[in-house]
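Participant: Sending over a structure as structure tokens; questions will come in a sec.
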Amino acid sequence: MKVTKSSAYALHALMYMVRHSTQLPATAGTIARAEGIPSDYLVKIFRQLVKARFVRAVRGRKRGYVFARAPEEISLLDLFEVVEGHPLFDDCFLRHCECGGTVENCCIFSTWAEATRQIKDLLVQTSVATAAWNHPEHRFLSLSESLTGPGTKEGPSPAESPSTRSATADLRAQAS
């Protein structure tokens, strides 16, 4: 199973809404800027979330999105399956095997079925609200940031002493 970037963006958008629930409605543009998500891409994702009745669009002067369902009622499995457009674990990962993929005749599929059942259970038990309050707030990194790290330089400046680098590293660790 691999969750696509669309699902990750959807989850981060909804976690933003949970964390900023007193400031809703929030526009896709506001959320996109705050989370580092491409705005046009997020608008498409919100269309899916509206269709699934996770959120609803508010029109008028205070436009944006609000929750249509309580975030405590939206499981990660529901969210991922809506965005992905299909069940996450619907068949054996060895799709081209000739065993027929049943629990009775294939040890590998039997193991796969049990493992995916446990993952499904965890995703069903975890709500968007729980995820929001138990996940560090951050932005998606741009390509250059992902290669060098957020807020880092290519290397230490000549004026930086080892103790300065150590103190800076300690502060970054505390912030994350």
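The values are calculated or read from the model by the stated rules, or taken from the named source; none is laboratory data. Since we're looking at a predicted model, the values are computed, not measured. Positions of Cβ are backbone-derived with ideal geometry, glycine not excepted, and every protein chain shown enters the neighbour counts.
Participant: Check GLY36, GLY64, GLY29 and return the single one that is farther than 22 Å from THR126 by Cβ, in contact with a Phe, Trp or Tyr (Cβ under 6 Å, 6 or more places away or on another chain) and in the same structural domain as THR126 (by TED's automatic domain parsing).
Facilitator: Criteria check complete, one pass: GLY36.
Participant: Among the residues in the stretch 37-50, are any of a type in the set (Gly, Ala, Ser), under 20 Å from THR130 (Cα atoms) and touching a helix residue (DSSP H, G or I) at 6+ places or on another chain (Cβ under 7 Å)?
Facilitator: The answer is no; no qualifying residue exists.
Participant: Oh, and also: Hand me the list of helices (runs of 4 or more DSSP H) wholly inside the stretch 91-176 holding 1 or more residues that are modelled with pLDDT under 85 and under 27 Å from LEU14 (Cα atoms).
Facilitator: It comes to 143-148, 162-175.
Participant: Filtering the stretch 31-72 down to residues that are in contact with a Ser or Thr (Cβ under 7 Å, 6 or more places away or on another chain) and surrounded by fewer than 14 Cβ atoms within 10 Å (Cβ to Cβ), which residue is farthest from ILE119 (Cα to Cα)?
Facilitator: ARG63
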